[in-house]
1. Answer yes if at least one residue in region 280-300 is closer than 30 Å to SER216 by Cβ and in contact with a helix residue (DSSP H, G or I) (Cβ under 9 Å, 6 or more places away or on another chain), and no otherwise.
2. Could you list, in sequence order, the residues of region 123-142 that are modelled with pLDDT of 95 or more and hydrophobic (A, V, I, L, M, F, W, C)?
3. So, of the residues in region 166-190 that are farther than 18 Å from VAL233 by Cβ and of a type in the set (S, T, N, Q), which turns out to be surrounded by the most Cβ atoms within 10 Å (Cβ to Cβ)?
4. Quick one: count up the residues across region 108-164 that are touching a Phe, Trp or Tyr at 6+ places or on another chain (Cβ under 6 Å), β-branched (Val, Ile, Thr) and not in a strand (DSSP E or B).
5. Using the structure shown, decide if ALA62 is modelled with pLDDT of 95 or more and either assigned to a loop (DSSP other than H, G, I, E, B) or over 30 Å from ARG280 (Cα atoms) (or both).
6. Could you tell me which residue of region 1-43 is surrounded by the most Cβ atoms within 10 Å (Cβ to Cβ), considering only residues that are assigned to a loop (DSSP other than H, G, I, E, B) and polar (S, T, N, Q)?
7. How many residues, within region 265-280, are closer than 14 Å to VAL132 by Cβ and surrounded by fewer than 19 Cβ atoms within 10 Å (Cβ to Cβ)?
8. Checking PRO79 against (1) buried (at least 18 other Cβ atoms within 10 Å of the Cβ); (2) touching a His at 6+ places or on another chain (Cβ under 7 Å), only one condition comes out false. Which one?
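The values are calculated or read from the model by the stated rules, or taken from the named source; none is laboratory data. Since the structure is predicted, the reported quantities are computational estimates derived from the model, not experimental observations. When we count neighbours, we look across all protein chains shown, and the Cβ atoms used for this are built from the backbone with ideal geometry, even at glycine.
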Amino acid sequence: MDQTDAVILGSGQGGVPLAVDLAGDGKRVTLFERGRLGGSCVNYGCTPSKAFLGAAHAAGRARAAAPLGIHADIRVDFPVVMARVRSVRDSFTSSVEKRLTRAGVSIVHASAAFTGERTISANGAAVHGATVVINTGTSAAVPPIPGLAETPFLTNENFFDLHELPRRTLVLGAGYVGLELGQGLARLGSSVHIIDHNPRVLAREEADVSNVLQTSLERDGIQLHLGRDVTHVAYEGGVFTLTLDDGNELLGEALLVAVGRSPNTGALNAPAGGIALDKRGMVAIDERFHTSAAGVYAIADVAGQPAFTHVSWEDYRRLKTILGGGDRRRDDRVLAYAVFTEPQVGRVGMTIEDARRSGLDARSVELPVTHIARAIEWGHDLGFYRLVVEAKTDRILGATLVGYEAAEIVHVILAHMEARSTWRILERSVHIHPTYCEALPSLARLLLET
(Lines give C-alpha, C1' and ligand atoms only; values in the text may rest on other atoms or scores of the structure.)
Protein backbone atom coordinates (compact mmCIF):
# COMPACT_ATOMS: atom_id res chain seq x y z
CA MET A 1 0.00 0.00 0.00
CA ASP A 2 1.27 3.45 -0.95
CA GLN A 3 1.65 6.03 1.82
CA THR A 4 1.05 9.71 1.11
CA ASP A 5 0.66 12.90 3.08
CA ALA A 6 -2.68 13.92 1.59
CA VAL A 7 -5.39 12.33 -0.52
CA ILE A 8 -7.85 14.61 -2.29
CA LEU A 9 -11.05 12.99 -3.62
CA GLY A 10 -12.39 15.13 -6.45
CA SER A 11 -10.93 17.96 -8.49
CA GLY A 12 -13.42 20.74 -7.84
CA GLN A 13 -12.68 24.36 -7.10
CA GLY A 14 -11.71 23.53 -3.54
CA GLY A 15 -9.76 20.33 -4.07
CA VAL A 16 -7.48 21.53 -6.86
CA PRO A 17 -5.97 24.61 -5.19
CA LEU A 18 -5.65 22.70 -1.91
CA ALA A 19 -3.78 19.89 -3.67
CA VAL A 20 -1.50 22.38 -5.42
CA ASP A 21 -0.73 24.28 -2.21
CA LEU A 22 -0.03 21.15 -0.20
CA ALA A 23 2.28 19.87 -2.93
CA GLY A 24 3.98 23.27 -2.96
CA ASP A 25 4.63 22.85 0.75
CA GLY A 26 6.58 19.68 -0.03
CA LYS A 27 3.86 17.18 0.79
CA ARG A 28 3.10 14.10 -1.25
CA VAL A 29 -0.40 14.53 -2.65
CA THR A 30 -2.59 12.07 -4.56
CA LEU A 31 -5.75 13.33 -6.23
CA PHE A 32 -8.50 10.98 -7.46
CA GLU A 33 -10.95 12.10 -10.15
CA ARG A 34 -13.40 9.78 -11.92
CA GLY A 35 -14.57 12.39 -14.44
CA ARG A 36 -13.14 15.43 -16.15
CA LEU A 37 -10.65 17.45 -14.15
CA GLY A 38 -12.02 20.72 -12.83
CA GLY A 39 -15.26 19.49 -11.30
CA SER A 40 -18.75 20.76 -11.99
CA CYS A 41 -17.92 24.46 -12.40
CA VAL A 42 -15.45 24.05 -15.22
CA ASN A 43 -17.16 21.18 -17.01
CA TYR A 44 -20.91 21.33 -16.37
CA GLY A 45 -21.66 24.55 -14.54
CA CYS A 46 -20.28 28.08 -14.40
CA THR A 47 -17.84 28.02 -17.29
CA PRO A 48 -19.90 26.44 -20.09
CA SER A 49 -23.20 27.91 -18.92
CA LYS A 50 -21.92 31.48 -18.87
CA ALA A 51 -20.22 31.01 -22.25
CA PHE A 52 -23.59 29.75 -23.51
CA LEU A 53 -25.43 32.70 -21.97
CA GLY A 54 -22.90 35.09 -23.48
CA ALA A 55 -24.32 34.17 -26.89
CA ALA A 56 -27.93 33.82 -25.77
CA HIS A 57 -28.16 37.17 -24.01
CA ALA A 58 -26.43 38.93 -26.91
CA ALA A 59 -29.23 37.65 -29.16
CA GLY A 60 -31.89 38.51 -26.60
CA ARG A 61 -30.66 42.05 -26.08
CA ALA A 62 -30.55 42.69 -29.80
CA ARG A 63 -34.15 41.53 -30.19
CA ALA A 64 -35.22 43.68 -27.23
CA ALA A 65 -33.70 46.87 -28.71
CA ALA A 66 -36.73 47.89 -30.77
CA PRO A 67 -37.91 50.49 -28.19
CA LEU A 68 -34.51 52.16 -28.65
CA GLY A 69 -35.06 52.38 -32.39
CA ILE A 70 -32.84 49.41 -33.18
CA HIS A 71 -34.46 46.75 -35.34
CA ALA A 72 -32.32 43.65 -35.75
CA ASP A 73 -32.71 40.50 -37.79
CA ILE A 74 -30.95 37.90 -35.65
CA ARG A 75 -29.57 34.71 -37.16
CA VAL A 76 -28.23 32.20 -34.64
CA ASP A 77 -25.62 29.67 -35.76
CA PHE A 78 -26.26 27.21 -32.95
CA PRO A 79 -23.54 24.69 -33.87
CA VAL A 80 -20.98 27.52 -33.76
CA VAL A 81 -22.38 28.77 -30.44
CA MET A 82 -21.99 25.33 -28.86
CA ALA A 83 -18.58 24.68 -30.42
CA ARG A 84 -17.34 27.87 -28.80
CA VAL A 85 -18.86 26.83 -25.45
CA ARG A 86 -17.05 23.49 -25.59
CA SER A 87 -13.81 25.17 -26.63
CA VAL A 88 -13.93 27.49 -23.62
CA ARG A 89 -14.80 24.57 -21.35
CA ASP A 90 -12.02 22.37 -22.69
CA SER A 91 -9.42 25.11 -22.35
CA PHE A 92 -10.31 25.50 -18.68
CA THR A 93 -10.15 21.73 -18.12
CA SER A 94 -6.75 21.53 -19.78
CA SER A 95 -5.41 24.32 -17.59
CA VAL A 96 -6.47 22.42 -14.45
CA GLU A 97 -4.49 19.36 -15.49
CA LYS A 98 -1.43 21.45 -16.30
CA ARG A 99 -1.64 23.20 -12.94
CA LEU A 100 -1.80 19.93 -11.01
CA THR A 101 0.99 18.34 -13.02
CA ARG A 102 3.31 21.33 -12.59
CA ALA A 103 2.73 21.19 -8.85
CA GLY A 104 3.74 17.53 -8.70
CA VAL A 105 0.33 16.21 -7.68
CA SER A 106 -0.18 12.52 -8.51
CA ILE A 107 -3.43 12.27 -10.48
CA VAL A 108 -5.42 9.01 -10.53
CA HIS A 109 -8.24 8.95 -13.10
CA ALA A 110 -10.55 6.50 -11.37
CA SER A 111 -13.55 6.18 -9.09
CA ALA A 112 -12.17 5.83 -5.58
CA ALA A 113 -13.68 4.22 -2.49
CA PHE A 114 -12.76 3.89 1.16
CA THR A 115 -11.52 0.45 2.15
CA GLY A 116 -10.32 1.35 5.62
CA GLU A 117 -9.29 4.19 7.91
CA ARG A 118 -7.97 6.96 5.61
CA THR A 119 -7.37 4.24 3.02
CA ILE A 120 -8.56 4.78 -0.54
CA SER A 121 -8.66 2.12 -3.24
CA ALA A 122 -9.09 2.38 -6.99
CA ASN A 123 -8.15 0.15 -9.91
CA GLY A 124 -6.88 -2.53 -7.56
CA ALA A 125 -4.39 -0.27 -5.78
CA ALA A 126 -4.67 1.32 -2.34
CA VAL A 127 -3.35 4.57 -0.91
CA HIS A 128 -3.22 5.55 2.75
CA GLY A 129 -3.20 9.27 3.52
CA ALA A 130 -2.25 11.08 6.68
CA THR A 131 -5.00 13.52 5.67
CA VAL A 132 -7.96 12.86 3.39
CA VAL A 133 -10.18 15.57 1.90
CA ILE A 134 -13.50 14.75 0.23
CA ASN A 135 -14.44 17.19 -2.54
CA THR A 136 -16.59 14.97 -4.76
CA GLY A 137 -19.40 17.48 -5.32
CA THR A 138 -22.93 16.76 -6.47
CA SER A 139 -24.74 15.57 -9.59
CA ALA A 140 -28.08 16.37 -11.16
CA ALA A 141 -30.95 14.79 -9.25
CA VAL A 142 -33.27 12.64 -11.36
CA PRO A 143 -36.84 12.42 -10.05
CA PRO A 144 -38.62 9.03 -10.04
CA ILE A 145 -41.16 9.97 -12.70
CA PRO A 146 -42.55 6.93 -14.53
CA GLY A 147 -40.91 6.57 -17.93
CA LEU A 148 -38.21 9.20 -17.42
CA ALA A 149 -35.27 6.86 -16.85
CA GLU A 150 -35.85 5.16 -20.21
CA THR A 151 -35.55 8.40 -22.19
CA PRO A 152 -32.50 10.35 -23.48
CA PHE A 153 -33.14 13.39 -21.29
CA LEU A 154 -30.60 16.14 -20.72
CA THR A 155 -29.08 17.41 -17.49
CA ASN A 156 -26.49 20.13 -17.06
CA GLU A 157 -23.86 17.39 -17.49
CA ASN A 158 -24.67 16.61 -21.13
CA PHE A 159 -26.54 19.77 -22.16
CA PHE A 160 -23.39 21.39 -23.51
CA ASP A 161 -22.83 18.49 -25.90
CA LEU A 162 -25.83 19.61 -27.96
CA HIS A 163 -25.00 20.28 -31.60
CA GLU A 164 -28.42 21.22 -32.98
CA LEU A 165 -30.95 23.65 -31.54
CA PRO A 166 -34.07 21.76 -30.38
CA ARG A 167 -37.18 23.12 -32.06
CA ARG A 168 -39.10 22.64 -28.82
CA THR A 169 -37.53 22.26 -25.38
CA LEU A 170 -39.20 21.09 -22.18
CA VAL A 171 -37.49 22.13 -18.94
CA LEU A 172 -38.36 20.30 -15.76
CA GLY A 173 -37.49 22.63 -12.88
CA ALA A 174 -37.71 26.41 -12.42
CA GLY A 175 -34.64 26.85 -10.25
CA TYR A 176 -31.57 28.75 -11.38
CA VAL A 177 -30.28 26.00 -13.71
CA GLY A 178 -33.62 25.53 -15.43
CA LEU A 179 -34.20 29.26 -15.80
CA GLU A 180 -30.72 30.14 -17.06
CA LEU A 181 -30.54 27.36 -19.64
CA GLY A 182 -34.23 27.59 -20.52
CA GLN A 183 -34.09 31.32 -21.14
CA GLY A 184 -30.84 30.84 -23.03
CA LEU A 185 -32.42 28.32 -25.41
CA ALA A 186 -35.45 30.54 -25.91
CA ARG A 187 -33.25 33.49 -26.83
CA LEU A 188 -31.40 31.31 -29.31
CA GLY A 189 -34.66 30.29 -31.00
CA SER A 190 -36.12 27.23 -29.28
CA SER A 191 -39.75 27.14 -28.16
CA VAL A 192 -39.44 26.56 -24.42
CA HIS A 193 -41.84 25.27 -21.78
CA ILE A 194 -40.78 25.30 -18.10
CA ILE A 195 -42.61 23.05 -15.64
CA ASP A 196 -42.36 23.18 -11.85
CA HIS A 197 -44.48 21.89 -8.98
CA ASN A 198 -43.94 25.16 -7.11
CA PRO A 199 -46.41 28.01 -7.72
CA ARG A 200 -43.66 30.37 -8.89
CA VAL A 201 -40.17 30.33 -10.41
CA LEU A 202 -37.17 30.55 -8.07
CA ALA A 203 -39.49 29.50 -5.27
CA ARG A 204 -36.79 29.93 -2.60
CA GLU A 205 -36.46 33.62 -3.36
CA GLU A 206 -38.79 36.44 -2.42
CA ALA A 207 -42.09 36.47 -4.29
CA ASP A 208 -41.42 39.77 -6.08
CA VAL A 209 -38.14 38.34 -7.45
CA SER A 210 -40.18 35.53 -8.98
CA ASN A 211 -42.71 38.00 -10.38
CA VAL A 212 -40.06 40.03 -12.19
CA LEU A 213 -38.43 36.95 -13.69
CA GLN A 214 -41.76 35.47 -14.77
CA THR A 215 -42.52 38.68 -16.66
CA SER A 216 -39.11 38.58 -18.36
CA LEU A 217 -39.41 34.90 -19.26
CA GLU A 218 -42.85 35.43 -20.75
CA ARG A 219 -41.48 38.33 -22.82
CA ASP A 220 -39.03 35.81 -24.26
CA GLY A 221 -41.96 33.63 -25.30
CA ILE A 222 -41.40 30.99 -22.62
CA GLN A 223 -44.53 29.19 -21.47
CA LEU A 224 -44.63 28.50 -17.74
CA HIS A 225 -46.51 25.59 -16.19
CA LEU A 226 -46.31 26.31 -12.46
CA GLY A 227 -47.94 24.36 -9.66
CA ARG A 228 -47.92 21.31 -11.91
CA ASP A 229 -46.38 17.84 -11.53
CA VAL A 230 -45.24 15.58 -14.35
CA THR A 231 -46.87 12.17 -13.97
CA HIS A 232 -45.34 10.37 -16.96
CA VAL A 233 -42.61 10.79 -19.57
CA ALA A 234 -42.53 9.06 -22.95
CA TYR A 235 -40.12 9.27 -25.87
CA GLU A 236 -40.91 8.09 -29.39
CA GLY A 237 -39.79 9.16 -32.82
CA GLY A 238 -37.43 11.76 -31.43
CA VAL A 239 -40.16 13.50 -29.44
CA PHE A 240 -40.72 13.64 -25.68
CA THR A 241 -44.26 13.63 -24.31
CA LEU A 242 -44.77 14.93 -20.77
CA THR A 243 -48.10 14.21 -19.13
CA LEU A 244 -49.03 16.73 -16.45
CA ASP A 245 -51.18 16.10 -13.40
CA ASP A 246 -54.02 18.06 -14.99
CA GLY A 247 -54.07 15.69 -17.96
CA ASN A 248 -52.43 18.06 -20.43
CA GLU A 249 -49.53 16.87 -22.57
CA LEU A 250 -46.44 18.81 -23.65
CA LEU A 251 -44.29 17.80 -26.63
CA GLY A 252 -40.66 18.60 -27.31
CA GLU A 253 -37.54 17.41 -29.08
CA ALA A 254 -35.45 17.93 -25.93
CA LEU A 255 -36.09 17.49 -22.22
CA LEU A 256 -33.83 19.19 -19.66
CA VAL A 257 -34.11 17.85 -16.10
CA ALA A 258 -33.05 20.52 -13.58
CA VAL A 259 -34.83 19.72 -10.32
CA GLY A 260 -31.93 19.85 -7.88
CA ARG A 261 -28.69 18.15 -6.89
CA SER A 262 -27.68 14.86 -5.27
CA PRO A 263 -24.38 14.32 -3.40
CA ASN A 264 -21.65 12.23 -5.04
CA THR A 265 -21.20 9.91 -2.07
CA GLY A 266 -22.75 6.68 -3.34
CA ALA A 267 -19.48 5.24 -4.66
CA LEU A 268 -17.31 6.33 -1.72
CA ASN A 269 -18.15 3.36 0.53
CA ALA A 270 -18.14 5.89 3.37
CA PRO A 271 -18.90 3.38 6.18
CA ALA A 272 -15.64 1.53 5.45
CA GLY A 273 -13.79 4.74 6.26
CA GLY A 274 -15.84 5.45 9.35
CA ILE A 275 -17.47 8.43 7.67
CA ALA A 276 -21.03 9.36 8.58
CA LEU A 277 -23.49 10.72 6.03
CA ASP A 278 -26.50 12.88 6.86
CA LYS A 279 -30.08 12.08 5.90
CA ARG A 280 -29.55 13.70 2.48
CA GLY A 281 -26.55 11.47 1.79
CA MET A 282 -24.08 14.33 2.22
CA VAL A 283 -20.91 13.98 4.26
CA ALA A 284 -21.62 15.12 7.82
CA ILE A 285 -19.10 17.70 9.04
CA ASP A 286 -18.65 20.01 12.00
CA GLU A 287 -17.95 23.73 11.86
CA ARG A 288 -14.32 23.08 10.90
CA PHE A 289 -14.92 20.48 8.18
CA HIS A 290 -14.05 17.45 10.33
CA THR A 291 -15.99 14.32 9.42
CA SER A 292 -16.72 11.52 11.88
CA ALA A 293 -13.35 9.94 10.96
CA ALA A 294 -10.13 11.37 12.37
CA GLY A 295 -7.97 13.05 9.72
CA VAL A 296 -10.76 13.06 7.13
CA TYR A 297 -12.33 16.35 6.05
CA ALA A 298 -15.04 17.27 3.55
CA ILE A 299 -15.59 20.59 1.80
CA ALA A 300 -18.06 22.29 -0.54
CA ASP A 301 -21.46 21.01 -1.64
CA VAL A 302 -20.82 17.31 -0.95
CA ALA A 303 -20.69 18.41 2.70
CA GLY A 304 -23.83 20.51 2.52
CA GLN A 305 -22.14 23.83 1.91
CA PRO A 306 -23.95 26.27 -0.42
CA ALA A 307 -23.49 24.94 -3.95
CA PHE A 308 -21.48 27.81 -5.40
CA THR A 309 -17.96 27.79 -6.81
CA HIS A 310 -16.90 30.78 -4.73
CA VAL A 311 -17.96 28.89 -1.58
CA SER A 312 -15.95 25.84 -2.63
CA TRP A 313 -12.91 28.03 -3.24
CA GLU A 314 -13.32 29.75 0.12
CA ASP A 315 -13.66 26.32 1.74
CA TYR A 316 -10.21 25.54 0.37
CA ARG A 317 -8.84 28.66 2.05
CA ARG A 318 -10.67 27.83 5.25
CA LEU A 319 -9.42 24.25 5.40
CA LYS A 320 -5.87 25.24 4.46
CA THR A 321 -5.84 27.60 7.44
CA ILE A 322 -7.24 24.89 9.72
CA LEU A 323 -4.66 22.33 8.55
CA GLY A 324 -1.98 24.92 9.28
CA GLY A 325 -3.18 25.35 12.84
CA GLY A 326 -5.34 28.41 12.30
CA ASP A 327 -8.99 28.96 13.11
CA ARG A 328 -11.66 29.24 10.43
CA ARG A 329 -15.28 28.08 10.28
CA ARG A 330 -17.51 26.88 7.47
CA ASP A 331 -19.71 30.01 7.61
CA ASP A 332 -17.31 32.77 8.62
CA ARG A 333 -17.85 34.98 5.56
CA VAL A 334 -20.87 36.83 4.20
CA LEU A 335 -22.62 34.71 1.57
CA ALA A 336 -23.60 36.21 -1.77
CA TYR A 337 -24.81 34.55 -4.95
CA ALA A 338 -26.42 35.37 -8.27
CA VAL A 339 -28.77 34.03 -10.92
CA PHE A 340 -27.63 34.84 -14.46
CA THR A 341 -31.00 35.19 -16.07
CA GLU A 342 -31.95 38.47 -17.64
CA PRO A 343 -32.57 40.45 -15.57
CA GLN A 344 -30.02 39.06 -13.16
CA VAL A 345 -30.62 38.42 -9.47
CA GLY A 346 -27.91 39.41 -7.00
CA ARG A 347 -28.41 38.29 -3.40
CA VAL A 348 -26.35 38.83 -0.28
CA GLY A 349 -27.05 38.14 3.38
CA MET A 350 -30.56 38.10 4.81
CA THR A 351 -33.95 38.94 3.39
CA ILE A 352 -36.32 40.88 5.63
CA GLU A 353 -38.12 37.60 6.40
CA ASP A 354 -34.82 35.92 7.32
CA ALA A 355 -33.95 38.77 9.68
CA ARG A 356 -37.29 38.72 11.44
CA ARG A 357 -37.22 34.94 11.82
CA SER A 358 -33.83 35.39 13.48
CA GLY A 359 -35.40 37.73 16.01
CA LEU A 360 -33.78 40.89 14.66
CA ASP A 361 -35.52 44.25 14.63
CA ALA A 362 -35.07 44.86 10.93
CA ARG A 363 -36.43 47.21 8.34
CA SER A 364 -36.10 47.40 4.59
CA VAL A 365 -36.39 49.87 1.75
CA GLU A 366 -36.90 49.31 -1.95
CA LEU A 367 -36.17 51.22 -5.14
CA PRO A 368 -37.60 50.15 -8.53
CA VAL A 369 -35.12 50.25 -11.40
CA THR A 370 -37.51 52.56 -13.25
CA HIS A 371 -36.39 55.24 -10.79
CA ILE A 372 -32.73 54.84 -11.77
CA ALA A 373 -31.43 57.23 -14.44
CA ARG A 374 -29.20 54.60 -16.11
CA ALA A 375 -32.13 52.18 -16.44
CA ILE A 376 -34.31 54.86 -18.03
CA GLU A 377 -31.54 55.84 -20.44
CA TRP A 378 -30.87 52.26 -21.47
CA GLY A 379 -34.50 51.18 -21.63
CA HIS A 380 -34.46 48.71 -18.72
CA ASP A 381 -37.81 48.50 -16.94
CA LEU A 382 -37.70 45.24 -14.95
CA GLY A 383 -36.28 44.94 -11.47
CA PHE A 384 -35.76 46.54 -8.09
CA TYR A 385 -33.17 47.01 -5.35
CA ARG A 386 -33.94 46.14 -1.73
CA LEU A 387 -31.77 46.80 1.32
CA VAL A 388 -32.30 45.19 4.74
CA VAL A 389 -30.80 46.77 7.86
CA GLU A 390 -30.91 46.33 11.61
CA ALA A 391 -32.85 49.17 13.21
CA LYS A 392 -30.81 49.44 16.41
CA THR A 393 -27.28 49.32 14.98
CA ASP A 394 -27.79 50.53 11.37
CA ARG A 395 -25.86 47.40 10.32
CA ILE A 396 -26.54 46.20 6.78
CA LEU A 397 -28.05 42.71 6.99
CA GLY A 398 -28.62 41.93 3.34
CA ALA A 399 -29.82 42.99 -0.08
CA THR A 400 -31.78 41.71 -3.04
CA LEU A 401 -30.96 43.29 -6.39
CA VAL A 402 -32.89 42.39 -9.53
CA GLY A 403 -31.84 44.11 -12.72
CA TYR A 404 -29.20 44.60 -15.36
CA GLU A 405 -25.81 43.22 -14.17
CA ALA A 406 -27.13 42.85 -10.61
CA ALA A 407 -24.58 40.07 -10.07
CA GLU A 408 -21.82 42.67 -10.36
CA ILE A 409 -23.51 45.45 -8.43
CA VAL A 410 -24.31 43.31 -5.38
CA HIS A 411 -20.60 43.17 -4.53
CA VAL A 412 -20.81 46.75 -3.29
CA ILE A 413 -23.20 45.61 -0.56
CA LEU A 414 -21.12 42.48 0.09
CA ALA A 415 -18.02 44.61 0.73
CA HIS A 416 -19.93 46.89 3.10
CA MET A 417 -21.22 43.88 5.03
CA GLU A 418 -17.83 42.18 5.28
CA ALA A 419 -16.40 45.46 6.56
CA ARG A 420 -19.24 45.67 9.12
CA SER A 421 -20.29 48.94 7.60
CA THR A 422 -23.65 50.62 8.14
CA TRP A 423 -26.27 51.95 5.79
CA ARG A 424 -25.27 55.46 6.84
CA ILE A 425 -21.79 54.95 5.34
CA LEU A 426 -23.42 53.75 2.12
CA GLU A 427 -25.85 56.69 2.14
CA ARG A 428 -23.12 59.31 2.34
CA SER A 429 -20.99 57.70 -0.40
CA VAL A 430 -20.82 59.65 -3.65
CA HIS A 431 -21.20 57.18 -6.50
CA ILE A 432 -20.57 57.99 -10.13
CA HIS A 433 -23.43 59.31 -12.27
CA PRO A 434 -25.02 57.86 -14.30
CA THR A 435 -24.41 54.28 -13.15
CA TYR A 436 -26.52 51.56 -11.64
CA CYS A 437 -24.33 51.65 -8.54
CA GLU A 438 -25.35 55.29 -8.09
CA ALA A 439 -28.72 53.92 -7.00
CA LEU A 440 -27.27 52.20 -3.93
CA PRO A 441 -26.71 55.40 -1.87
CA SER A 442 -30.13 56.54 -3.10
CA LEU A 443 -31.58 53.29 -1.82
CA ALA A 444 -29.93 53.76 1.58
CA ARG A 445 -31.13 57.36 1.62
CA LEU A 446 -34.71 56.13 1.73
CA LEU A 447 -34.01 54.97 5.29
CA LEU A 448 -33.73 58.61 6.30
CA GLU A 449 -37.38 58.98 5.40
CA THR A 450 -38.69 56.01 7.41
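1. Within region 280-300, the first condition is being closer than 30 Å to SER216 by Cβ, and the residues that meet it are none.
Looking for residues that are closer than 30 Å to SER216 by Cβ and in contact with a helix residue (DSSP H, G or I) (Cβ under 9 Å, 6 or more places away or on another chain), one finds none in region 280-300, hence no.
2. Of the residues in region 123-142, the ones modelled with pLDDT of 95 or more are 127-142.
Once the filter is applied, which keeps residues that are modelled with pLDDT of 95 or more and hydrophobic (A, V, I, L, M, F, W, C), region 123-142 yields VAL127, ALA130, VAL132, VAL133, ILE134, ALA140, ALA141, VAL142.
3. Start the filter on region 166-190 by keeping residues that are farther than 18 Å from VAL233 by Cβ, which leaves 167, 175-177, 179-181, 183-190.
Among the residues that remain, those that are also of a type in the set (S, T, N, Q) are: 183, 190.
Details: GLN183: 25, SER190: 22.
Among residues in region 166-190 that are farther than 18 Å from VAL233 by Cβ and of a type in the set (S, T, N, Q), the one surrounded by the most Cβ atoms within 10 Å (Cβ to Cβ) is GLN183.
4. Number satisfying all stated conditions: 1.
5. Numbers: modelled with pLDDT of 95 or more: yes; either assigned to a loop (DSSP other than H, G, I, E, B) or over 30 Å from ARG280 (Cα atoms) (or both): yes.
Yes, satisfied.
6. To start, the set of residues in region 1-43 that are assigned to a loop (DSSP other than H, G, I, E, B) comprises 1, 10-14, 25-28, 33-38.
Remaining after also requiring polar (S, T, N, Q): 11, 13.
Numbers: SER11: 30, GLN13: 28.
Within region 1-43, the match that is surrounded by the most Cβ atoms within 10 Å (Cβ to Cβ) is SER11.
7. Summing the residues that are closer than 14 Å to VAL132 by Cβ and surrounded by fewer than 19 Cβ atoms within 10 Å (Cβ to Cβ) in region 265-280 gives 3.
8. Looking at each condition in turn, PRO79 falls short on (1).
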